[in-house]
Amino acid sequence: MSLKAYQRKRNFGKTAEPKGTVRKRAKRKPRFVIHKHDASRLHYDLRLEMDGVLKSWAVPKGPSLNPADKHLAVMVEDHPLDYRDFEGVIPEGEYGAGPVMIWDEGTYEVMDERPGPEALEHGALKFKLSGKKLKGGWVLVRTKWRGENKNWLLIKEKDDAAATRGDILKEEPNSARSGRTMEEIAAGG
Ligand code: MN
């Protein structure tokens, strides 16, 4: 687990994002956060605490409660644990410039027989979210077994928290942390 790729991309003299360090593995339940990030394109970033960092995926379409939806989730560099508290604006000219919202947050449990890092290594992770918006079972599946493939699919499992109608992204657009809208965050309010 390393934050080198994360730190290389950012100028911490200019952005308020945390520089971060790799933390010791915690005994409490691991946390997750989903950032809504209006960079060059609006997308969502799913981050799961694992071995002292946040394993991270950019999800262009965001999560869906419909188990029939298989949304692309591109694995990106590990982020520091402190990043789960980041809500604000990445300044113009910096990596990922634009407003970042804590769209959802909470704890999660790995539902695999193997520990999380091993499950990821094998290209499939089942987990259960206890967030403010997202709950129940989810799966991340790598689209190919071999090579340097960063493409995964994020899929809702069929359970009580699944829904085949509606769009949680539109129904619950604001920050789970502060209640702010994307516009309010962009304006620095
Ligand atoms: Mn992002």
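Per-residue answers, yes or no, for (1) at pLDDT 95 or above; (2) closer than 29 Å to Ile185 by Cα; (3) charged (D, E, K, R):
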| residue | (1), (2), (3) |
| --- | --- |
| Asn66 | yes, yes, no |
| Thr107 | yes, yes, no |
| Met111 | yes, no, no |
| Asp159 | yes, no, yes |
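Quick check on the stretch 81-100: of everything there that is part of a strand (DSSP E or B) and in contact with a Pro (Cβ under 9 Å, 6 or more places away or on another chain), which residue is nearest to the ligand (Cβ to nearest atom)?
Ile90
Can you tell me how many residues in the stretch 79-108 are closer than 13 Å to Val33 by Cα and either touching a His at 6+ places or on another chain (Cβ under 7 Å) or not hydroxyl-bearing (Ser, Thr, Tyr) (or both)?
Adding up the residues that qualify gives 15.
Could you list, in sequence order, all residues of the stretch 143-157 that are in a strand (DSSP E or B), more than 20 Å from Ile102 (Cβ to Cβ) and either modelled with pLDDT under 95 or touching a His at 6+ places or on another chain (Cβ under 8 Å) (or both)?
Result: Leu153, Ile155.
Specify the residue that is modelled with the highest pLDDT; the eligible residues are those in the stretch 118-139 that are in a helix (DSSP H, G or I) and of a type in the set (D, E, K, R).
Applying the filter and picking the extreme gives Glu118.
Quick one: what pairs do we get from the stretch 30-44, first residue in contact (Cβ under 8 Å) with a residue 40 or more places away in the chain and more than 16 Å from Leu54 (Cβ to Cβ), second in a strand (DSSP E or B) and near the ligand (Cβ under 10 Å from one of its atoms), C-beta under 6 Å, 6+ apart or different chains?
Qualifying pairs under 6 Å: Asp38/Gly98; Ala39/Gly98.
Might you check whether a residue that is under 19 Å from Arg31 (Cα atoms) and among the charged types (D, E, K, R) occurs anywhere in the stretch 88-102?
no
Going residue by residue through the stretch 28-37, is there one that turns out to be within 11 Å of the ligand (Cβ to nearest atom), surrounded by 12 or more Cβ atoms within 10 Å (Cβ to Cβ) and more than 24 Å from Val110 (Cβ to Cβ)?
Yes: one or more hits.
Going through the stretch 170-189 one residue at a time, which ones are part of a helix (DSSP H, G or I) and either surrounded by fewer than 17 Cβ atoms within 10 Å (Cβ to Cβ) or small (Gly, Ala, Ser) (or both)?
Those that are part of a helix (DSSP H, G or I) and either surrounded by fewer than 17 Cβ atoms within 10 Å (Cβ to Cβ) or small (Gly, Ala, Ser) (or both): Lys170, Glu171, Glu183, Glu184, Ala186.
Being in contact with a Phe, Trp or Tyr (Cβ under 6 Å, 6 or more places away or on another chain) and away from the ligand (no atom under 12 Å from the Cβ): is that true of Phe12 here?
No.
Output the residue which, of all residues in the stretch 10-27 that are under 19 Å from the mean Cα position of the chain (by Cα) and surrounded by 14 or more Cβ atoms within 10 Å (Cβ to Cβ), is nearest to Gly188 (Cα to Cα).
Once the filter is applied, the top-ranked residue is Glu17.
When the residues of the stretch 150-169 are filtered to those that are over 18 Å from the mean Cα position of the chain (by Cα) and basic (Lys, Arg), which remaining residue is surrounded by the most Cβ atoms within 10 Å (Cβ to Cβ)?
Lys158
The values are calculated or read from the model by the stated rules, or taken from the named source; none is laboratory data. Please read these numbers as outputs of a predicted model, since none were measured by experiment. Please note: Cβ atoms are built from the backbone with ideal geometry, for glycine as well, and neighbour counts cover all protein chains shown.
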